[in-house]
Amino acid sequence: MRDSLLELQEVRTYFYVRKGLFKTLAVKAVDGVSLSINRGETVAIVGESGSGKSTLGRTALKLVEPTSGKIIFEGKDITNLSSEDLKWFRRKAQMIFQDPYTSLNPFMTIKQIIEEPLVVHGFDAREREERVIKALEDVRLLPPETFLSKYPHMLSGGQRQRVGIARCLVLEPVFIVADEPVSMIDASSRVEILLLMRSLQGKYGIGMMYITHDIATTKYFSDKIAVMYAGKLLEIGPSQRILKEPLHPYTVALIDAVPDPDPHNRFRLRRVVTGEPPSPLNPPSGCRFHPRCPYSDGMKCVKEEPEMIEVDMNRKVACHYIEKIAGK
Amino acid sequence: MSLLDVQKLMLYYKTSRGTLRAVDGVSFSLGKGETLGLVGESGSGKSSTAIAIMRLLPRNVELYDGRILLNGVDISKLSEKDFREKIRWKKISMVPQGAMSSFNPVLKIGFQVAEPLMVHQNMRKPETLKKVRELFKLVGMPPDYVDRYPHELSGGMRQRAAIAMALILNPDIVILDEPTSALDVSIQAQIMNLLKNLKKELGLSMIFITHDIALASDICDKIGVMYAGQIVELSSSENVLLNPRHPYTQKLIASIPRLREEKMPEFIPGAPPDLVSPPSGCRFHPRCPYSDGMKCVKEEPEMIEVEDDHFVKCWLHSGGSK
């Protein structure tokens with residue numbers, strides 16, 4: 001077994017919103033998620049909007065405080081560490097943001113953007129320069145010298161996202177959360193960015209949490225898939241296995257929703273799940289997917305929350321009827 | 001005769017950096033009951049083609065030219081008043097990109113969907129709301145949602161309302177600009193099924209604009225692939241998807257991650273060009289693996305019919321290099 005880099009144990013992250021004068025409601029964005037990420041491994045968190053996938057990523061980086069549960073990083077419990085005691089963690093854990101248009105300061109040059117984390121962590125000018133050049137080479141913005149004095153608006157979307165990745169690499173992190181890193185990138189460049197992230201991760205043995213709504217992109221760019229719905233994990237396991245043989249009805253639906261470019265598609269209706277993702281303010285009882293699930297029995301599924309059950313090696317599913325569904 | 005015939009459409013914008021050639025000689029035709037997909041990356045001129053047809057032009061237009069024939073009549077030559085009264089929304093309507101988030105938050109959704117009826121047909125509110133209720137049923141919304149405010153509806157429901165609004169004057173053609181790109185994947189599939197049903201039941205003609213060629217396959221009979229303000233390949237969905245002839249189309253299809261096939265997706269090096277100073281010759285030449293570095297760089301290829309009803313704008317097929 002490879003050594004675990006990050007481990008989340010029953011993590012819950014709630015946000016409280018005022019409703020009227022005296023009432024406060026909890027938005028249960030992440031509601032009991034356990035998950036581990038090894039060095040050199042990419043775990044894809046797949047879910048729709050409101051599933052809590054971004055909050056999970058931010059919680060893993062301690063950008064938001066978990067309400068309960070534990071975060072273990074390199075064997076140390078960092079759940080309750082203060083920001084002062086977390087400085088070493090901040091160097092080792094970084095984030096790649098979704099939008100390369102708004103996550104780069106338009107008034108800073110590429111050099112200033114990439115070296116800012118180094119300034120914060122007190123590196124001297126010579127080392128900063130070296131590391132910036134190396135990071136630019138790593139993300140293949142070549143030759144690096146020509147990019148140093150450019151501004152973000154002079155670059156294409158794909159190039160900007162590479163600057164975002166370079167900024168994340170300069171501190172030589174061992175853990176990266178990439179939150180929808182290619183959803184704003186043109187289709188023809190998306191694969192290029194994903195390949196780049198994959199190769200850098202292999203080169204430096206980085207553990208990565210890849211957050212996405214697009215399950216198709218996980219196929220060649222992740223080792224494990226965790227499917228999230230309304231704050232909970234419904235299924236987790238090796239990517240190839242899940243994509244080939246999804247077990248949870250929701251995972252099946254997510255995969256069904258990805259069309260192949262086949263001209264015959266237009267002559268048939270797509271298989272769809274009815275309804276819409278639930279509000280995290282008021283998630284359904286029992287299994288959170290039951291109102292949309294074609295297999296719901298209207299009894300147990302409505303009342304009892306299914307546990308994550310290990311169905312085979314490294315593969316877990318939360319569904320009361322998984323044996324029945326998998327058997328047919 | 002086709003329902004809509006667009007010929008050499010041009011739309012240039014004035015910008016501080018110079019002239020931006022958003023649409024640069026786009027031609028296509030659309031038959032009754034047909035769906036044409038305009039597929040391309042951001043900045044390829046898809047949305048500008050739509051607003052050029054709808055004549056919803058911004059103030060910084062430098063050049064607006066070409067012919068737009070609707071049932072054989074050139075509607076681009078109509079006066080603004082005639083166009084507004086006779087064509088826009090009545091004959092050709094649109095679901096603009098992001099329509100679902102552009103409803104007025106302080107007005108009930110039913111009233112907003114009904115507004116074209118009051119403006120164009122002088123109907124009174126109670127009658128219009130009756131029509132809206134029927135339309136809501138057609139697009140899969142509970143009819144009593146007419147009394148709700150936009151924030152009380154989910155994204156999927158607001159998108160259905162935007163589609164209802166486009167259908168309210170029974171247009172011949174609806175232009176849909178990225179109608180599902182802001183929606184969750186499960187809702188996207190629902191909306192695509194709705195569009196398929198509308199196409200079948202109403203015999204609606206549609207122009208479906210998307211950056212996702214796989215999604216286009218879900219509804220389009222014909223596909224026009226756009227690059228840098230031009231259509232580079234135009235044919236039936238079968239031809240474009242199964243037998244693409246333009247290198248850009250081939251690469252674009254190869255860049256889709258497939259779930260049901262073992263094929264590593266590819267990418268196209270470089271980025272789409274800046275339309276203020278597009279590349280000379282063929283606009284795809286700087287990213288094209290087949291560029292000969294000579295003719296491709298210097299001369300712009302013509303649109304050539306490589307087989308029956310299959311048009312490609314590339315020197316590979318124009319008796320040029322190779």
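Laboratory data are not the source of any read-out in this text; all were calculated from the coordinates shown. Predicted, not measured: the structure shown is a model, and the values here were computed from it. Cβ atoms come from the backbone with ideal geometry, glycine included; neighbour counts cover every protein chain shown.
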* To do: Can you pull the one-decimal nm distance between simple spin-label points at A:ASP262 and B:LEU56, each 7 Å off the Cα toward Cβ?
  => 3.5 nm
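With the contact rule set at Cα under 8 Å and sequence spacing of 6 or more, what percent relative contact order holds for the range A:249-328?
Relative CO of the range A:249-328 lands at 21 percent.
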* **Projected label distance in nm at A:SER199 and A:LYS300, using a 7 Å step from Cα toward the beta-carbon** => 5.0 nm
* Could you give the angle, 0 to 90 degrees to the nearest 10, between helix B:185-202's Cα long axis and the longest principal axis of the Cα atoms of chain B? -> 80 degrees
* Asked: Of the lysine pairs in the range A:1-159, how many meet both conditions: Cα atoms under 19 Å apart, and a spacing of 8 or more in sequence or different chains?
  -> 18
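What does the charge add up to near A:HIS213, with Lys and Arg as +1, Asp and Glu as -1, over the other residues with Cβ less than 9 Å from its Cβ?
On the way: positive: A:LYS53; negative: A:GLU48, A:GLU180, A:ASP214, B:ASP184.
Around A:HIS213, the surrounding residues sum to -3.
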* Kirkwood estimate for the range B:152-208, i.e. one over the average of 1/r between Cα atoms, Å -> 11.7 Å
* Roughly how crowded by other chains is peptide A:265-273, in terms of the mean Cβ count from those chains within 10 Å of each of its Cβ atoms? -> 6
* To do: Once you've got the GNM for chain B with C-alpha springs shorter than 10 Å, pick whichever of B:MET100, B:MET192, B:MET123 has the biggest mean-square fluctuation.
  => B:MET123
* Structure fact -> The aspartates and glutamates whose Cα lies under 20 Å from the Cα of B:LYS77, excluding any fewer than 8 residues away in the same chain, are B:ASP5, B:ASP24, B:GLU62, B:ASP65, B:GLU85, B:ASP172
* Asked: What is the average number of partner chain Cβ atoms found within 10 Å of a Cβ in A:154-163?
  -> 2
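Let me know the shape class of the range A:65-193, please: from the alpha-carbon gyration tensor, a ≥ b ≥ c as square roots of the eigenvalues, rounded when a/c is under 1.5, otherwise prolate if a/b is greater than b/c, or oblate.
Oblate is the answer for the range A:65-193, as a/c is 1.5 or above yet b/c matches or exceeds a/b.
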* **Potential lengthening between B:LYS295 and B:SER280 on full extension [0.36 nm per residue; Cα-Cα distance subtracted]** => 4.4 nm
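Using 27 Å as the Cα-Cα cut-off, could you pick out the over-long pairs in B:LYS14/B:LYS251; B:LYS137/B:LYS196; B:LYS200/B:LYS251?
Details: B:LYS14/B:LYS251 32 Å; B:LYS137/B:LYS196 16 Å; B:LYS200/B:LYS251 32 Å.
Violating the 27 Å limit, Cα to Cα: B:LYS14/B:LYS251; B:LYS200/B:LYS251.
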* Structure fact -> Ranked from fewest to most other Cβ atoms within 10 Å of their own Cβ, B:ASP218, A:ASP223 fall in the order A:ASP223, B:ASP218
* Classify the range A:4-326: rounded, prolate or oblate, from the alpha-carbon gyration tensor (a ≥ b ≥ c, eigenvalue square roots; a/c under 1.5 rounded; otherwise prolate if a/b is larger than b/c)? -> prolate
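Taking each residue of A:3-16 in turn, how many C-beta atoms of other protein chains fall within 10 Å of its C-beta, and what is the average? Before the final figure, lay out the partial values.
On the way: counts 0, 0, 0, 0, 0, 0, 0, 0, 0, 0, 0, 0, 0, 0.
Mean partner shielding for this stretch: 0.
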* Asked: So how much slack lies between B:LEU202 and B:LYS81, counting 0.36 nm per residue of separation and subtracting their Cα-Cα distance, in nm?
  -> 40.7 nm
* Asked: Any idea what the relative contact order of chain A is, in percent, if you count C-alpha pairs under 8 Å spaced at least 6 apart?
  -> 20 percent
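Give me A:CYS287, B:CYS296 sorted ascending by neighbouring Cβ count inside 10 Å, so fewest comes first.
Details: A:CYS287 28, B:CYS296 24.
Going from least to most buried by this count: B:CYS296, A:CYS287.
Net charge near A:GLY231, counting Lys/Arg +1 and Asp/Glu -1 over other residues with Cβ under 9 Å of its Cβ? Intermediate values should be presented prior to the final figure.
Details: positive: A:ARG12, A:LYS28, A:LYS232, A:ARG288; negative: A:ASP31.
So the environment of A:GLY231 carries a net charge of +3.
With N residues in the range A:236-276, what two-decimal value do you get for its Cα radius of gyration over 2.2 N^0.38 Å?
Details: Rg = 12.0 Å, N = 41, 2.2 N^0.38 = 9.0 Å.
Here the Cα radius of gyration is 1.33 times the empirical estimate.
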* To do: Calculate the radius of gyration of the Cα atoms of the protein assembly as shown to one decimal place, then report Dmax, the largest Cα-Cα distance, as a whole number, both in Å.
  => 26.1, 77
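In what order do A:TYR229, B:TYR12, A:TYR16 fall by count of nearby beta-carbon atoms within 10 Å, going from fewest to most?
Ordered by Cβ neighbours within 10 Å, fewest first: A:TYR16, B:TYR12, A:TYR229.
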* In nm, give the distance between the simple-model label positions of A:ARG271 and A:VAL311, each being 7 Å from the Cα along the Cα-to-Cβ direction. => 1.4 nm
* Add +1 for every Lys or Arg and -1 for every Asp or Glu among the other residues with Cβ under 12 Å from the Cβ of B:ILE109, and state the total. => +1
